[in-house]
Amino acid sequence: SLRLSKVLQLTLAVIKPDAVAHPLMVQALHQKILENNFLIVRCKDLVWRRADSERFYAEHAGRFFYQRLVEFMSSGPMRAYVLAREDAIQQWRELMGPTKVFRARYTSPTSVRAQFGLTDTRNTAHGSDSAESAQKEISFFFPEFCAKKWMDREEPIYR
Ligand code: RTP
Ligand code: MG
């Protein structure tokens, strides 16, 4: 049958402490999210304790950059979003660009990490890398948010 509405996918996007330290960067990134046709489903500013940082990045425990990553992510405020769009996960990761800032500058000069990133660790943004991690990460940041309820909503979406 003919599908008239687009299929929305949810992803978790985070503006990391290096960028939140600069109000103009946060504003520019918020603008970029809207310009790229993401719906902002949830948005909040928060600060992690070290234990939150360790738990979120447990998969990287033991990697050479783990300590500085954990330290950095609990060093100051960040901003978390639940974003919705068609193909949201892939689209947000493309907007962010590659993890390593120097690679980002070389291969994707207009990406978020190329434009705002400082180092391979202080790289401005995070985005879920699969549907499975999106689900996990959204509940990590927004435990009260119910994706199913949101997807089944009857109200129109305003942006
Ligand atoms: P993310 O999870 O933050 O969206 O980034 P990603 O998938 O592109 O990168 P991942 O390999 O999962 O690494 C997680 C975060 O660890 C920091 N990192 N530092 N060589 C380094 O110094 C290094 N490598 C990774 C970055 O903050 C990266 O985003
Ligand atoms: Mg990752």
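Read the figures in this text as sums done on the coordinates, not as results from a lab. The model shown is predicted, which means the values in this text are computed figures rather than measured ones. Positions of Cβ are backbone-derived with ideal geometry, glycine not excepted, and every protein chain shown enters the neighbour counts.
List the lysines whose alpha-carbon lies under 25 Å from that of Lys6, not counting same-chain residues fewer than 8 positions away?
Within the straight-line cut-off, Lys6 pairs with Lys32, Lys136, Lys148, Lys149.
Roughly speaking, what is the centre-to-centre gap between the stretch 1-55 and the stretch 113-159 when only Cα atoms are used, to the nearest Å?
First find each Cα centre; the distance between them is then 6 Å.
Using Cα springs under 10 Å in a Gaussian network model of the chain, which residue among Pro98, Pro77, Pro143 shows the largest mean-square fluctuation?
Pro143
About its Cα centre, how strong a charge dipole does the stretch 9-142 have in debye, to the nearest 20, once Lys and Arg get +1 and Asp and Glu get -1 at the Cβ?
Rounded to the nearest 20 debye, it is 320 debye.
With each label point set 7 Å from Cα along the Cα-Cβ vector, what nm distance links Lys148 and Lys44?
If labels sit at Lys148 and Lys44, their model points lie 2.1 nm apart.
Within the chain, which is the longest segment containing none of the chymotrypsin sites (Phe, Trp or Tyr not before Pro) that sit in a DSSP loop and have at most 16 other Cβ atoms within 10 Å?
Here the longest run is 66-144.
Please give every one of the aspartates and glutamates within straight-line cross-link reach of Lys100, meaning a C-alpha to C-alpha distance under 13 Å, and leave out same-chain neighbours fewer than 8 residues apart.
Asp120
Just to be sure I understand: with springs between alpha-carbon atoms less than 10 Å apart, which residue in Gln31, Gln91, Gln135 has the highest mean-square fluctuation in the Gaussian network model of the chain?
Gln31
Label-point separation (nm) for Ser130 and Glu94, each offset 7 Å from Cα along Cα-to-Cβ?
Here the answer is 2.1 nm between the modelled labels.
Which residue, Leu24, Leu69, Leu46, has the most motion in a Gaussian network model of the chain that connects Cα atoms within less than 10 Å?
Residue with maximal mean-square fluctuation among Leu24, Leu69, Leu46: Leu24.
HN-Hα J couplings of the stretch 119-124 from phi, Karplus 6.51/-1.76/1.60, θ = phi - 60°, integer Hz, Gly and Pro as x?
8, 5, 8, 8, 10, 6
With the Cα gyration tensor of the stretch 9-142 giving a ≥ b ≥ c as the square roots of its eigenvalues, does the rule (a/c under 1.5 for rounded; else a/b larger than b/c for prolate; else oblate) give rounded, prolate or oblate?
rounded
Of Val7, Ser128, Gln27, whose Cα points farthest to the positive end of the dipole of the chain (charges on the beta-carbon: +1 Lys, Arg; -1 Asp, Glu; origin at the Cα centre)?
So the residue we want is Gln27.
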